[in-house]
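Structure first, then comments.
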Amino acid sequence: MPKESKKEGFHSAAGLIRYFDSEDEKALKVNPKLVVLFGILMIAIVAYAEWQFSG
């Protein structure tokens, strides 16, 4: 009978949670409000361009 390896159990979800749960101190940090504002601004620009140049 082969020796049993000492592997831990199921890792698919737990490993991802552990990976994304840690934060890097050197990472770029962006305020979430800035991301939402940028998204709204981009939607407004595209809507304006579509209105201005359609026809």
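The values are calculated or read from the model by the stated rules, or taken from the named source; none is laboratory data. Treat the numbers as computed from the prediction; the structure is a model and nothing was measured. Because the Cβ atoms are built from the backbone with ideal geometry, glycine has one as well, and the counts that use them run over all protein chains shown.
Could you grab the pairs with beta carbons closer than 9 Å, sequence gap of 6+ or different chains, first residue in segment 19-36 and surrounded by 10 or more Cβ atoms within 10 Å (Cβ to Cβ), second one outside any loop (DSSP other than H, G, I, E, B) and modelled with pLDDT of 90 or more?
Listed pairs, sorted by first residue: none to list.
Would you tally the residues in segment 1-53 being assigned to a helix (DSSP H, G or I) and modelled with pLDDT of 90 or more? Spell out the reasoning first.
If we filter segment 1-53 for residues that are assigned to a helix (DSSP H, G or I), which is where we start, we get 12-21, 32-53.
Then keep just the ones that are modelled with pLDDT of 90 or more; that gives 32-53.
Residues flagged as assigned to a helix (DSSP H, G or I) and modelled with pLDDT of 90 or more within segment 1-53 amount to 22.
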